[in-house]
Amino acid sequence: MVHDMIISSVFAVVQALAMLALSPLMIGVIRKIKAWFQGRKGASIVQPYYDMAKLFRKETVVSDQASWVFRVTPYVAIASVMVAALLVPFFTIYSLGFVGDLIVVIYLMTMFKFFMVLAGLDTGSAFGGMGSSRELMVSSIVEPTMLLAIFTMALITGTTNLSSISETLAISGIDLVRPALFLATAAFFISLLAENARVPFDNPSTHLELTMIHEAMVLEYSGRNLALMEAASWMKLMLYSVILSNVFFPWGIATDLTVLGMIGGIAAILVKVLFVAIAIAIIESGMAKMRLFRLPNLLTLSFTLALLAVTSYYIL
Amino acid sequence: MIQTNFDVLFQSLICILFSGALVAVLLHKLGRPIAWISFAIAFIGSLLGILLSIDVILNDPITLGWSLGTFFGEWTLYLDQLSAFFLFMVCLVMASVSVYSFGYVGEYEGKYDTGLMGALLNLFFLSLVLVVSSNNAILFLISWESMSLVSFLLVMYEGRKEGVTNAGYLYLTMTHIGTAVMTAAFLLMAYYVGSYSFDDISAASGSLPSSVSSAAFLFLFIGLGTKAGMVPLHVWLPAAHPAAPSNISALMSGVMVKMALFMMVRSFFEFLGPVPSWWGLLVLLMGCISALLGVLYALKETDIKSTLAYSTVENMGIMFIGLGTAMVFQSYGLTSLSALALLATLFHALNHAIFKSLLFLGAGSVVHATHTRNMESMGGLAKPMPRTSVLMFVGLLSMAAIPPLGGFVSEWLLFQSLLQTTAVPDILVKMLMSVSIAILALTGALAVAMAVRLFGTTFLARPRTEQAKNAVESPKTMLWGMSFLAALCILLGVLSSWIIPYIDNVTESVLGVSIGSSVVDGLSISPESNDFATMAPLLIALLALIGIVMAWVLGHPKSGTERTSGTWDCGTPLSSRNEYTGTALSNPIVRVFGNIYRPQSEIRTESTSSPYIRKRLFYEVHFGDVFERRIYHPITILFTGIAKRMTVIQAGSIQAYLGYIFMMLVLLLVVFR
């Protein structure tokens, strides 16, 4: 028991750090693919690492209107995604699943959002308020969608522990595949785009425009504070991609401690995350950002899909 | 020996509260000193109550040594685990409210009778104690009525303010309708059982004909639901809770509404015997409606205390979801799952009591400092009132169910118990439960938006008015009272694996099964079996703390690289007019849920000679409560209409009135001869 816990803890820390280290790379890959679609050569895929290093060296400017909320938000943001990362299986099924299950992961993300939205309001600029207000609208529908989508998997596998979901699915294979799984996957993918401020919900390459959501909230951050906020957001995209890969399609994940299994697990997760990155890049290249008040249609669509997924589990 | 001591403790609690009220009533002319004395008495009383209730939860039920023989049977006071749990909740909140009141009463010095507030506070406390400990239906109804009346008086405390009287009378009417329906339920039960004593009623549970127990269930659900603010019987709650002084609002929203939950648990499980599944589904359905509408209405309010009052409606809805789930499980004989759902409900009740009273006290401090309840006249209060802002922030985190605070742990348990529905054999019930999972999740997300909106509008950005700019931090006693509750918000979450076994004692006394050993395993909490899920709040807290400290060490700006400057203003100086108000912040959500809100907005423009240059823009938006417009308004018109017709017989002559009384008497004698 204790032995298992120590192994899980070690792997959880290694995996969380690996996700953190790889998250800028994922952003770089998405940007590169988008550049290809636009007929540009594009920046190197390691450019986000350089950006991060540069931000760390820059001066930090804090608004004179800001209160303590603005100052603590970057640290809480990065801490909440890192704690969530400890609970999510990456290339092995070992994680700190006994500390918290999928509900904890989703609510840790809510904690991140809670602080970020308040930080957007804190400086008293109209941009910040605009971003916060829109974020609240989007997340109030996305959050239940995500919970329901993962609950479907929890019902199929009989556990809400993310590692156990992956393990059960990966071992029992095709027997557990049900229509509910596909509905839930679709709902979760739409939520992934919405939560991470991707097209068609938000355009990650806008700065100082009236359509911004995420960028508007972090507009006042600079220097190291901005670096932390950006790292947390990138990490969040990585985390959701990993959850999508490992909860809905866990096949290939290392279920034991053999070297071969590990190598297979690492290869499998890298391919899956790369696949998610390509999907995001294609959608962003092929679609325009939606008008703000068209978003609820898409969001409620995904909510309905998730609800159908849970219900169909009971019917079918 | 120890047992006797606790009897004495119970007796002295009653005596202390009674004498506190009496002294304050007699000497209320002395003003603030007597108010302070009565707050001190309430504080001592709540400490005694905490000791007493902990003893009862850990050991055995106790009765008050004294009793009173009446026509309706022997009246005495009785504390078992369930009543002790609610007494514990009352006393925790009362302890901090009484400390808070020391500073808060200064607000009313010279304007209203402060001594009277002390007296009413003690009486309110006493009535709450009586409600949870009555052993007889009639004594219970009397206590319930006195609780309602004392709280009505407290709502009317600031009677010279506009709107308070209306709110008070609305409350009085609604609470009496509720009490009347409840009285019918208890009389029905007592008629079939042949006794008013709760012991006899619960001993006879199961022997009632099912039609009678169903009727009694419906009556009780409506009657108690009125007090709990269940939609559509909630209309009084968002009017009356904010109208009362804030320390009283904290008690009303924090603990008084829980008295309804207390009686529901007691009567549905203990008095009315085997629960049919439709009872549970009805409670679940009403819970879902209350939770969702409560939080949606909270999102449109601009009054800080009304927002919190609607959030109480929401949280009572969440508790009804839990209670309904427990009843459904119980009806299928899944007692241990039922215990899990009930445990989650009771734990959520405790958490809600703590964070909601903290938030009302915080709102009281803010109102105390700015002299307005409108959030949109505040703003920027985090700078002049840093301590209050942090304390309220903790309460809001718990309300928004952010891990690892108390609110999160109880919501987690609730989700887990809803997910155990796979054990229910009926497919239709399973589907309904999955819909309620969706509604609970949606409510949770909207509650986050509501918490953000409340804090952002009140405490962040620039002050929007002079009063907000000149606000000062509250007196120390007010901060102490709130700090106690804020600490509890955190401890209830972080230490929940030590607290839950005691709540398990309470559910065991109701349902007869103990699930403590399967729910709690060392540091972690899990539903029924460890395979389904585990969660360790203390470890989450530790990890988060380590994460924050590491992020600070590695990532905080080095000294000399940080500079303070103005917010980016695009070239035009920013004023408080540029920042988002609460209405603006929630406007997208209001538009998304437009079918529920049905807002009526009006935009008027005042142009100069050129139509392209506008001098002024007016924007008005009205939200009517749908239930008020569709249900209550027609009923009011009907009754005032009837009353107007009846004025014909109201000639003002005393002989005619005596004649009516005589006729009525004859009629009654003929009918019931």
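Kindly list the number of the only condition in (1) assigned to a helix (DSSP H, G or I); (2) within 9 Å of chain B (Cβ to nearest Cβ) that fails for A:Gly124.
With respect to (1) assigned to a helix (DSSP H, G or I); (2) within 9 Å of chain B (Cβ to nearest Cβ), A:Gly124 is out only on (1).
Looking at A:Met109 and the list (1) within 25 Å of B:Thr457 (Cα to Cα); (2) facing chain B (nearest Cβ under 7 Å); (3) not hydroxyl-bearing (Ser, Thr, Tyr), which single condition is not satisfied?
Only one criterion in (1) within 25 Å of B:Thr457 (Cα to Cα); (2) facing chain B (nearest Cβ under 7 Å); (3) not hydroxyl-bearing (Ser, Thr, Tyr) is unmet by A:Met109, namely (2).
Can you name every residue in the stretch A:64-101 that is assigned to a loop (DSSP other than H, G, I, E, B) and at the interface with chain B (Cβ under 10 Å from one of its Cβ atoms)?
A:Asp64, A:Gln65, A:Ala66, A:Ser67, A:Leu87, A:Leu96, A:Gly97, A:Phe98, A:Val99, A:Gly100, A:Asp101
For the stretch B:189-248, which positions are over 14 Å from the mean Cα position of the chain (by Cα), assigned to a helix (DSSP H, G or I) and polar (S, T, N, Q)?
B:Ser202, B:Ser210, B:Ser211, B:Ser213, B:Ser214
Tell me, which residue of the stretch B:381-398 that is away from chain A (no Cβ under 11 Å) and within 15 Å of B:Leu488 (Cβ to Cβ) is surrounded by the fewest Cβ atoms within 10 Å (Cβ to Cβ)?
Once the filter is applied, the top-ranked residue is B:Val394.
Any idea which of A:Ala288, A:Ala268 is of a type in the set (A, V, I, L, M, F, W, C), crowded, with 17+ Cβ neighbours inside 10 Å and over 30 Å from A:Val69 (Cβ atoms)?
A:Ala268
Please give the number of the condition B:Tyr612 fails out of (1) modelled with pLDDT under 80; (2) surrounded by 13 or more Cβ atoms within 10 Å (Cβ to Cβ).
(2)
Using the structure shown, decide if A:Ser172 is hydroxyl-bearing (Ser, Thr, Tyr), assigned to a helix (DSSP H, G or I) and at the interface with another protein chain (Cβ under 8 Å from one of its Cβ atoms).
No, not satisfied.
When both residues are 6+ apart or on different chains and their Cβ atoms are under 6 Å apart, which pairs have a first residue that lies in the stretch B:413-428 and is within 7 Å of chain A (Cβ to nearest Cβ) and under 13 Å from B:His348 (Cα atoms), and a second that is of a type outside the set (Ser, Thr, Tyr) and assigned to a helix (DSSP H, G or I)?
B:Phe415/A:Ile103
Scan the stretch B:275-282 and tell me whether some residue there is buried (at least 24 other Cβ atoms within 10 Å of the Cβ) and polar (S, T, N, Q).
The answer is no, given that none of the residues of the stretch B:275-282 is buried (at least 24 other Cβ atoms within 10 Å of the Cβ) and polar (S, T, N, Q).
Determine which member of the set B:Ser514, B:Ser518, B:Ser524 is in the same structural domain as B:His348 (by TED's automatic domain parsing), more than 29 Å from the chain's Cα centre (by Cα) and of a type in the set (S, T, N, Q).
B:Ser518
Would you mind listing the strands (runs of 3 or more DSSP E) fully within the stretch B:552-633 where at least 2 residues are without any contact (Cβ under 8 Å) to a residue 60 or more places away in the chain and within 19 Å of A:Leu121 (Cβ to Cβ)?
B:562-565
Mind telling me which of the residues A:Pro204, A:Pro200, A:Pro250 ends up being more than 14 Å from chain B (Cβ to nearest Cβ), of a type outside the set (A, V, I, L, M, F, W, C), surrounded by 24 or more Cβ atoms within 10 Å (Cβ to Cβ) and part of a loop (DSSP other than H, G, I, E, B)?
On inspection, the qualifying residue turns out to be A:Pro250.
Examine the stretch B:498-516 for a residue that is under 30 Å from A:Asn161 (Cβ atoms), more than 7 Å from chain A (Cβ to nearest Cβ) and out of contact with any helix residue (DSSP H, G or I) (no Cβ under 8 Å at 6 or more places or on another chain), and state whether such a residue exists.
Checking the stretch B:498-516: at least one residue is under 30 Å from A:Asn161 (Cβ atoms), more than 7 Å from chain A (Cβ to nearest Cβ) and out of contact with any helix residue (DSSP H, G or I) (no Cβ under 8 Å at 6 or more places or on another chain).
Just one of (1) more than 7 Å from chain A (Cβ to nearest Cβ); (2) over 29 Å from B:Leu454 (Cα atoms); (3) of a type outside the set (S, T, N, Q) trips up B:Leu542, so point out which.
Only one criterion in (1) more than 7 Å from chain A (Cβ to nearest Cβ); (2) over 29 Å from B:Leu454 (Cα atoms); (3) of a type outside the set (S, T, N, Q) is unmet by B:Leu542, namely (2).
When only residues in the stretch A:262-316 that are within 14 Å of chain B (Cβ to nearest Cβ) and of a type in the set (Gly, Ala, Ser) count, which is farthest from A:Thr145 (Cα to Cα)?
Residue satisfying both the conditions and the ranking: A:Ser312.
Can you say whether A:Glu135 is crowded, with 24+ Cβ neighbours inside 10 Å, of a type in the set (D, E, K, R) and facing chain B (nearest Cβ under 7 Å), as far as the supplied structure shows?
no
Answer yes or no: is there a residue in the stretch B:354-375 that is under 21 Å from B:Pro501 (Cα atoms), out of contact with any Cys (no Cβ under 9 Å at 6 or more places or on another chain) and at pLDDT 95 or above.
Checking the stretch B:354-375: not a single residue is under 21 Å from B:Pro501 (Cα atoms), out of contact with any Cys (no Cβ under 9 Å at 6 or more places or on another chain) and at pLDDT 95 or above.
Can you tell me which residue in the stretch B:237-261 is surrounded by the most Cβ atoms within 10 Å (Cβ to Cβ), limited to those that are out of contact with any Ser or Thr (no Cβ under 7 Å at 6 or more places or on another chain) and of a type outside the set (A, V, I, L, M)?
Checked the stretch B:237-261; the qualifying residue surrounded by the most Cβ atoms within 10 Å (Cβ to Cβ) is B:Ser246.
If I ask for residues that are over 14 Å from B:Ala119 (Cα atoms) and not acidic (Asp, Glu), which ones from the stretch B:16-55 would you list?
Selection gives B:Ile44, B:Ser46, B:Leu47, B:Leu48, B:Gly49, B:Ile50, B:Leu51, B:Leu52, B:Ser53, B:Ile54.
Restricting attention to the stretch B:60-82, does a residue exist that is under 28 Å from B:Ser253 (Cβ atoms) and in a helix (DSSP H, G or I)?
Yes: the stretch B:60-82 contains one or more residues that are under 28 Å from B:Ser253 (Cβ atoms) and in a helix (DSSP H, G or I).
Could you tell me how many of the residues in the stretch B:47-93 are small (Gly, Ala, Ser) and at pLDDT 85 or above?
Here the count works out to 4.
Exactly one condition in (1) within 13 Å of another protein chain (Cβ to nearest Cβ); (2) modelled with pLDDT of 90 or more; (3) closer than 30 Å to A:Arg291 by Cα is false for A:Gly223; which is it?
Unmet condition: (3).
Could you tell me which numbered condition A:Gly97 fails, if it satisfies all but one of (1) in contact with a Phe, Trp or Tyr (Cβ under 8 Å, 6 or more places away or on another chain); (2) modelled with pLDDT under 95; (3) within 30 Å of A:His3 (Cβ to Cβ)?
Answer for A:Gly97: the failing condition is (1).
The values are calculated or read from the model by the stated rules, or taken from the named source; none is laboratory data. As the structure is a computational prediction, the values presented were derived from the model and not from experiment. Positions of Cβ are generated from backbone atoms using ideal geometry, with glycine treated the same way; all protein chains shown enter the neighbour counts.
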